[in-house]
Structures are given as structure tokens and as C-alpha cells.
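Before any comments, here is the structure.
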């Protein structure tokens, strides 16, 4: 599965590069987005398929992408231990629309997708409520409405959804008694007072002239959060610009076990995106073009189905006990006519930083994002 993980990571960091111009806090699940687009790839043909391959780097995978996703899903679901990791896929086709059986069977087999026909032609709002309710349940009520009013209509032929939810307990919880307010330097001229968690112990840690890196393991040790903290208070932009698969590998491979005095702010953030502009900018253009899209692997007709909307929402909360995170990716189709050292290091995350939640064995990035203002989602000091 290494080629698929490498492909997903390359896509994740390139997509983040397109989304990072969004102001303020940022959270997304690269794995959710890759999974959802991979399901569309199952029905793509011709240039549409080739553009998806290149954009998501699936051309690196010698074996079948869909079989690899099935194996990776299975591997990730064994990772949580005492934590909770829920990955769910679903397909919501227009009732009685002639989708190909081989396409539907592939999504069932390799993605475990639940297939539920709905009537968009007559009951678009009811269909929207049904899908939102499914996402709400799969994300443990963290994403209540991924599809807003008016997004679905009588021309909708199919909706694809990937939902992911994670609730992880720290291997060693932060002592609540040590949490205390302190200054967070959000940007020049803006300083916040927010609750900082404190701990002292042995962690995987690394540093260079540009940044400090800290890995916080979740219970069981198979999942971890990596915090990338720029040296300079206003260095988040430069750090984001230098974030590539090669640099991330170089940084994290240089981490080693050390005694670290940790100060990390509690934070709770959520983000929502319309992904079509970013995906087009990365090269996935034909899929959104009625005259060029070829999803004939879904219904046998070229230039009939095309992507109309790709939405993504993510939520993450970090506190003394652990992390709770959720995300969902929505894709709709329209029809055309229809080592110990004798020193203690200090890791003080008191200015904007990046975070990654990954599975250690495979290296899969489940969530990532940027914390600019920890208090932005209602936390009080």
C-alpha cells in the first residue's frame, strides 16, 4: 500500500497548498477527500480518468487503486485500539437511474459503500435531509449539514459521500490541573490569552533552523498528532510554502525520543470548502465540464454525467484528554439533459502552527490543518 499512501500524501499537500490562502484556522481530512474522488475514478474513462490519475497521483500505483483503498481502509480500521476511528462511504443514486452493476459492485466491494437510492426529481429536499442525517450520525453529530438548501435538485443523478470520525485519547493525558491561561501571538499586533495545556515527558522531537517538531501519541501508539511549529512567530506562511512530501519526510525522520517540556493551546476549529476551484487548479478539469466529462463507467454514456459540486467539512477539538475530529466529503453528479539526551527541550506552541494526524504504520494522513487563533471557536481563557 506504500505507493497509494505516497500518492495520497502528495495530493494532500498539494491540495493544502491551494487551500491555505483561506484566512484563519484551517482543518481538513485529506484521506476523506482522496477516498471520495477515488470513488468517482471508478466510473471515469478516457481523459477524465487520466486527469484524476495525475491529480491524485494514482498513476504511481502499479496495483489496482480501488483494491488498495480497500486494503488501506481495513488497515486503518485496525489501528484505533482504545480510540475510535470510523470511515464510512455511501452512494446515493437517483432511484431507477440505470447505473452499471459492475460500478456499483466495485464501490460495495472495495469501499464498503452503502448504496441508497433516492428521488431527487420529486423530493430533492427530503433527499438532502436524508443524506445530511447519515453524515451527522457517521461523524457523531459533529457535521450536521454538509449539503445546504438548494444544492440538490431534479437534475441530480448521484451523490457520493465519504465521512470520517476520530476520537483519540492521548497516550498520556495532559494534567488538567496544569492548564493555565497564557499569551498566544496570533499575528503582529494581535495577542490572545488562551488556555495552554502543559506536560513534561519523553516524546519524539526534532528541530532545525526553520521549525520545531513534536509527536504526541494516542493510546496504543498507532496514531499520533505531529505539531509543526515555525521558529519565527510570523513564520507560518514560509513553513506552509516549504511543506512537500520530501520535506515532511525529512523533518519527521529526523525526530528522536527526548525529554520535552510541552505547552500546547487547547483548540477547537471547523472548516468548510467548495473544492471544485482547487481541484480544477490541480488539473482535474474535464470532470466538471458537461461537454468533456466521461463517466461512462457509471452509466455507459460519455458526456452525460459530470461533477457539479464537491464540498468538504472538517472539525477538530484538542484538549487535555485527547482529540476529537470529523470530516465529510460530498460529491454530486448532474445529468446533461438531467534516543534520550541529557537535556530538556522546550516546545512552546504560542504562535500559529500546523498539525497532522496520521497512522504510524502506513503514514496515512487522516487530518491536517493550521491553528492561527485557538480561541476562534469559542474557547475562553
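Values in this text are rule-based calculations from the coordinates and carry no lab data. Everything quoted here is computed from the prediction, not taken from an experiment. No Cβ is skipped: glycine too gets one built from the backbone with ideal geometry, and neighbour counts run over all protein chains shown.
First check a/c for the range 45-156, with a ≥ b ≥ c the square roots of the eigenvalues of its C-alpha gyration tensor; if it is under 1.5, answer rounded, and if not, answer prolate when a/b is larger than b/c or oblate otherwise.
Numbers: a/c = 1.98, a/b = 1.20, b/c = 1.65.
Taking the square roots of the gyration eigenvalues as a ≥ b ≥ c, the range 45-156 is oblate.
How big is the gap, in Å, between the Cα center of the range 285-330 and the Cα center of the range 94-111?
When both Cα centres are located, 17 Å separates them.
Spin-label point model (7 Å from Cα, Cβ direction): what's the residue 345 to residue 361 distance in nm?
Spacing of the two 7 Å Cα→Cβ label points: 2.7 nm.
For 351, 202, 303, what's the fewest-to-most ordering of other Cβ within 10 Å of each Cβ? Intermediate results must be reported in sequence, preceding the final value.
On the way: 351 22, 202 11, 303 17.
If I rank by nearby Cβ atoms, fewest first, I get 202, 303, 351.
Work out the FRET efficiency for residue 247 and residue 179 from their Cβ-Cβ distance, taking R0 = 35 Å, and round it to the nearest 0.05.
0.60
Output the peptides 268-275, 61-68 sorted from most to least packed, where packing is the average of other Cβ atoms within 10 Å over each peptide's residues. Kindly include the intermediate steps, with their values, before the conclusion.
Numbers: 268-275: 18.9, 61-68: 15.9.
My ranking of the peptides, most packed first, is 268-275, 61-68.
Estimate the FRET efficiency between residue 187 and residue 75 by the formula 1/(1 + (r/R0)^6), using the beta-carbon distance for r and 30 Å for R0, to the nearest 0.05.
Working: r = 40 Å, r/R0 = 1.32.
For R0 = 30 Å, the calculated efficiency reads 0.15.
With a/c under 1.5 counting as rounded, go ahead and sort the range 14-80 into rounded, prolate or oblate using the C-alpha gyration tensor (a ≥ b ≥ c being the square roots of the eigenvalues; past the cut-off, prolate if a/b is larger than b/c, else oblate).
Numbers: a/c = 2.51, a/b = 1.20, b/c = 2.09.
The shape class here is oblate.
If I take the Cα coordinates of the range 203-282 and project them onto the principal axes, what are the three extents in Å, biggest first?
Principal extents (largest minus smallest coordinate, Cα): 44, 30, 24 Å.
Students often check this: by mean Cβ neighbours within 10 Å, which of 247-259, 287-299, 165-177 ranks highest, and how do the rest follow?
On the way: 247-259: 14.9, 287-299: 20.0, 165-177: 17.5.
The packing order, highest mean first, is 287-299, 165-177, 247-259.
List the pair-distance distribution P(r) of the chain, using every Cα-Cα distance, as the percent of pairs falling in each 10 Å bin from 0 up to the bin containing the longest distance, rounded to whole percents.
All Cα pairs considered, the percentages come to 5, 24, 33, 22, 12, 4, 0, 0.
So what are the three principal axis dimensions of the range 224-325 from its Cα atoms, in whole Å, longest to shortest?
For the range 224-325, the Cα spread along each principal axis is 61, 30, 26 Å.
Pop out the Kirkwood hydrodynamic radius of the range 156-230 from its pairwise C-alpha distances, inverse of mean 1/r, in Å to one decimal.
Values: mean 1/r = 0.0636 Å⁻¹.
Evaluated over the range 156-230, this radius sits at 15.7 Å.
How would you classify the range 130-274 from its alpha-carbon gyration tensor, with a ≥ b ≥ c the square roots of the eigenvalues: rounded for a/c under 1.5, else prolate if a/b is greater than b/c, otherwise oblate? Could you put the intermediate results ahead of the total?
Details: a/c = 1.84, a/b = 1.74, b/c = 1.06.
Prolate, because a/c is 1.5 or more and a/b exceeds b/c.
Could you tell me how far the Cα centroid of the range 216-278 sits from the Cα centroid of the range 177-198, in Å?
Answer, in whole Å: 18.
When every alpha-carbon pair in the range 67-130 is counted, what percent end up more than 12 Å apart? If you can, show how the numbers build up before the last one.
Working: 1480 of 2016 pairs.
Roughly 73 percent, rounded to a whole number.
So what's the convex hull volume per residue for the Cα atoms of the range 138-191, in Å³?
210
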